[in-house]
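The values are calculated or read from the model by the stated rules, or taken from the named source; none is laboratory data. In this text the structure is predicted, and so the values were computed from the model without any measurement. Here the Cβ positions follow ideal geometry from the backbone for every residue, glycine too, while neighbour counts run over all protein chains shown. When the accessible area is computed, the model is the full protein with side chains, heavy atoms only, and any ligands, DNA or RNA have been set aside. Shrake-Rupley method; radii C 1.70, N 1.55, O 1.52, S 1.80 Å.
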Amino acid sequence: MTALPPYLMAANPVASGTVFRSLFRNAAQIVTVCAHGETHKSGAAMDQVAIFENASLLVDQAGRIVYVGPLDTLEAQPWFLHDSTHVEFEIDCTGQSIVPGFVDGHTHPVFAGDRVHEFALKLAGATYLDIHKAGGGIGFTVQHTRAASDETLFADLQKRMDRMIKLGTTFAEAKSGYGLDTATEVKMLRVLTRHNKSHHALKLSITYLGGHSVPKDKTLAAYTQEIIDEQIPAIVRAVETGTVHVDNIDVFYEKGVFERAETEAVLRRGKELGWAINFHGDELHAMASGEVGAQLGARAISHLEEVQDRDMEMMAKNTIFATLLPTTAYVLRIAPPPARKLIDSGVPVALGSDFNPNAHCMSMPHVMNLSCVNMKMTMNEALVAATINAAASLHQEADRGSLEPGKFGDLVVIDNPDWRHIIYQMADPPIAAVYVQGTRV
């Protein structure tokens, strides 16, 4: 591991007398995760996190980090005036630790209705595909989401984001995919875009997932053509009017759902529009997702419970992020993704909650705990996967994912001097406060 510098400071000079937004002082640990501008971590580096002990962190009025390190070194800077006139908020973190705000790499947070009845069926032995073929699962949620208004979906989304941010998530990926028709897919993207334009502190990387399932009244070929000829053009028109924004495109690439040719056609069309490819792959069957991702220039592939060695090699070679979702395997009672093998193969691993009506989890601390217990990741690896790597999987590594100067002051204050308690303490993580851009939320 490269030696840790004594402190981190913004490269650009700071004017004397500058007023700062917040100073977090005297934390037992500040886990910056990175300290040398790393864009992501893979292999052995995933088990290495930068930690500054007995340290302080300064955030400017733009919400970006200026300094991390000893308080006396900060106070010795000629540009820093340590008084209430020049520091708006001073937070005493004695006996506490600080980590970057979590980045949730995979969620489905816009939907109507719940599927608690299906949870009971799963407990009785029904499989995911059993429920899917019987018209439940995604189809059940589609029915209710189509019937819901923009206002209902928006209000529910904001409530969910309120819960998510309290659990330390300060940025998340969010998908459409419960419409499976043009009007509802556009409606879901409109709701997600409206959320990002709102004052809510938790912002989203928005993903179009029209290819989440095939409607029961359509063939795969016909629905694929609808996506390309109707849904995507309608989304483009909505983007042009400013009511919709899209960052990524996704398809549920799975045997009996979207096959390879159709998956490639949809993802290729999204890429032509500048949307990053970030798709579901190898969840229930080995589908050569790594090969598909490498050929198309994918940024990330989610799930990967059944990923094969050759596909891991292709993902590592092409720096394709593996966004692992331990909640899915937990709920479905299937084998979890081979996180240990992916990491050892050099694939950069990220984490996501997969929050949706099937896996109703909004807690990244819980996801990290599951990743350690069920996927054999170390706590360092889990934190890296939930911060810098998840951010990088969404092209957010320049602004988020580590507590380095120049990045947003998005952070979680942990009510324990050892940061690992955020993973160790199950169900009720010891979060003292969450801050976005240096402001408490």
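A few remarks follow.
- Rg over Rh, two decimals, the chain (C-alpha only, Kirkwood Rh): 0.98
- Averaged per residue, the stretch 102-394 has 35 square angstrom of accessible surface, using a 1.4 angstrom probe with ligands and nucleic acids left out.
- Whole-number percent relative contact order across the stretch 286-441, with pairs defined as alpha carbons under 8 Å at least 6 apart: 16 percent
- Annotation: average projected area of the stretch 175-232 is 3.9 square nanometres, based on the convex hull of Cα atoms across all directions.
- From phi via Karplus (6.51, -1.76, 1.60), per-residue ³J(HN,Hα) for the stretch 381-394 in Hz, x at Gly/Pro: 4, 4, 5, 4, 5, 8, 10, 5, 6, 5, 4, 5, 5, 10
- For the Cα trace of the stretch 1-85, dividing Rg by the Kirkwood Rh returns an Rg/Rh value of 1.00.
- A straight chain from Thr152 to Ser198 at 0.36 nm per residue would run longer than the Cα-Cα distance by 15.0 nm.
- Span from the the stretch 410-440 Cα centroid across to the the stretch 293-341 one, whole angstrom: 28 Å
- Mean projected area of the convex hull spanned by the Cα atoms of the stretch 77-194, taken over all viewing directions: 12.3 nm².
- Difference of contour (0.36 nm per residue) and Cα-Cα distance, Asp83 to His144: 16.5 nm
- For Lys271, the lysines whose Cα falls under 30 Å of its own Cα, not counting residues fewer than eight places away in the same chain, are Lys41, Lys175, Lys187, Lys197, Lys203, Lys216, Lys218, Lys255, Lys317, Lys341, Lys407.
- For the chain, carbon and sulfur atoms together expose 52% of the accessible surface, with a 1.4 angstrom probe and every protein chain in place.
- Relative contact order (%) - the stretch 102-394, alpha-carbon pairs under 8 angstrom, separation at least six: 19 percent
- Part-to-part distance (alpha-carbon centres) for the stretch 182-241 and the stretch 77-138, which is given in Å: 22 Å
- The orientation-averaged projected area of the convex hull spanned by the Cα atoms of the stretch 133-235 comes to 6.9 nm².
- Distance between modelled label sites at Gln295 and Ala427, nm, 7 Å Cα→Cβ extension: 4.8 nm
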